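The values are calculated or read from the model by the stated rules, or taken from the named source; none is laboratory data. Computed from a predicted model, the values in this text were never measured in an experiment. Reconstructed Cβ throughout: ideal geometry from the backbone, glycine too, with neighbour counts over all protein chains shown.
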Amino acid sequence: MTFVLKSLLPYFLLSLFISVSLFPLVRYLSKKFKWMDIPDERKIHTTPVPRIGGVMIFISFMVTLFIYKKTHPDMYILNRTFSDVGFVLSSSAAFLLGFIDDVMGIRALKKLALQIAIGFAVAFAGLIIKQVTVLGLVVNFGMMSYLITALWVVALLNAVNLIDGMDGLASGIMIISLGFTFTISLIESNYMVACLSSILMGSILGFYIFNFPPAKIFMGDSGSYFLGCIYAMIAMMGMKKAGMAIMMSIPLVLLLIPLADVIYIMTRRVKRHNGIFHADKNHIHHRLLSLGFSAMQINFLIYLICTVLGLIALLIALTGGKFGLLFFFLIVCLITAGFAVVRILERHHYK
């Protein structure tokens, strides 16, 4: 394990260096072509901020991964059932979709259709959720495997996108999530997932330096879609070694807060007869801001929660997933209680 850590450290640092080095260029291009996020009634920031920070993450990751492959030709970056080409094309398509949405805008339904297409591309390229084991019962999805995989990718794309509503929030959560994924992959001797996680962490950390409050740049949809797609694929790459229940539980546990936030938002919009894609300020970070918390306080609160959830995911891995369902149930109860507490605080605050 020590050897693996030492061998991956240079590539982590390289992706970090490339990401940081790209900031001046990305900021210049954003200003030149007016790829700026303009403040409005929904936005927290008060001045225009470059919104294509995902370019820093994407380029630094892809360049470092290419160098790693060239210097380690004897190592399989991906498992044998999934090609390098499929990995690069799927993640690049997610990045491109987000970039076009950042600079031109894409209608919500069209964007969703393209996300689903990316999800199917991942499945047809060889990464497929074929079955799941719950309490010793094996459920085989058969032909539905392709649809299940596509929906999994779409869910992760949008989960990361939805938490990207505050300076440093999405990037910080992804660094924490990938840190635990990296640790669990080392425990499970899945060195390819460890490699991808470490390189991606370096890329995000380089961006995070400039995204930390007050942010000098936003990752935009290009960054959130790319990260969501990569994270969805990394989890599936770990299935062979760690078992699907364990590897799939990691992103589910770590992203339960944004997923719960999505459920709350969609339910609220349906009740109020608003469109489900109608933008508003009812996300959990907006609600905490309205209660008087600062952006820094909200970030560290959610970082702390994600760290606790990550430790639980690590515990699930260390116990071989034996108590995974119980842990998952307890986490859902805790998060539900957390949302209830916020609701109670809001009622007292607005009396």
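Structural remarks
- Of all the residues in the range 16-35, those that are within 16 Å of LEU205 (Cα to Cα) and outside any helix (DSSP H, G or I) number 0.
- None of PHE182, PHE218, PHE141 is over 26 Å from ILE316 (Cα atoms), in contact (Cβ under 8 Å) with a residue 12 or more places away in the chain and among the hydrophobic types (A, V, I, L, M, F, W, C) except PHE218.
- Total residues in the range 292-309, condition surrounded by 14 or more Cβ atoms within 10 Å (Cβ to Cβ) and over 23 Å from PHE180 (Cα atoms): 2
- Taken together, the residues in the range 94-108 that are touching a residue at least 60 places away in the same chain (Cβ under 8 Å) and either farther than 25 Å from PHE33 by Cα or of a type in the set (Gly, Ala, Ser) (or both) amount to 3.
- When MET166 is tested against (1) closer than 19 Å to LEU259 by Cα; (2) touching a helix residue (DSSP H, G or I) at 6+ places or on another chain (Cβ under 6 Å); (3) in a helix (DSSP H, G or I), exactly one condition is not met: (3).
- Some residue of the range 47-65 being out of contact with any His (no Cβ under 8 Å at 6 or more places or on another chain), in a helix (DSSP H, G or I) and at pLDDT below 95: yes
- All positions within the range 66-87 that are surrounded by fewer than 16 Cβ atoms within 10 Å (Cβ to Cβ), under 25 Å from ASP221 (Cα atoms) and modelled with pLDDT of 85 or more: PHE66
- Set LEU5, LEU13, LEU9: member being under 24 Å from SER189 (Cβ atoms), surrounded by fewer than 16 Cβ atoms within 10 Å (Cβ to Cβ) and at pLDDT 95 or above: LEU13
- Test: residue in the range 335-349 that is more than 19 Å from VAL262 (Cβ to Cβ), basic (Lys, Arg) and at pLDDT 75 or above: yes
- Of residues in the range 157-195 being closer than 18 Å to MET236 by Cβ and of a type in the set (Ser, Thr, Tyr), the one surrounded by the most Cβ atoms within 10 Å (Cβ to Cβ): THR181
- Given (1) buried (at least 24 other Cβ atoms within 10 Å of the Cβ); (2) without any contact (Cβ under 8 Å) to a residue 40 or more places away in the chain, index of the condition LEU200 fails: (2)
- Of the listed requirements (1) of a type in the set (A, V, I, L, M); (2) farther than 18 Å from ALA94 by Cα; (3) at pLDDT 90 or above, ALA121 misses just one: (2).
- Checklist (1) at pLDDT 85 or above; (2) of a type outside the set (Val, Ile, Thr); (3) buried (at least 24 other Cβ atoms within 10 Å of the Cβ) applied to ALA235, failing item: (1)
- Restricted to the range 175-207, and to residues there that are among the hydrophobic types (A, V, I, L, M, F, W, C) and in contact with a Phe, Trp or Tyr (Cβ under 7 Å, 6 or more places away or on another chain), the residue that is nearest to ASP101 (Cα to Cα) is LEU200.
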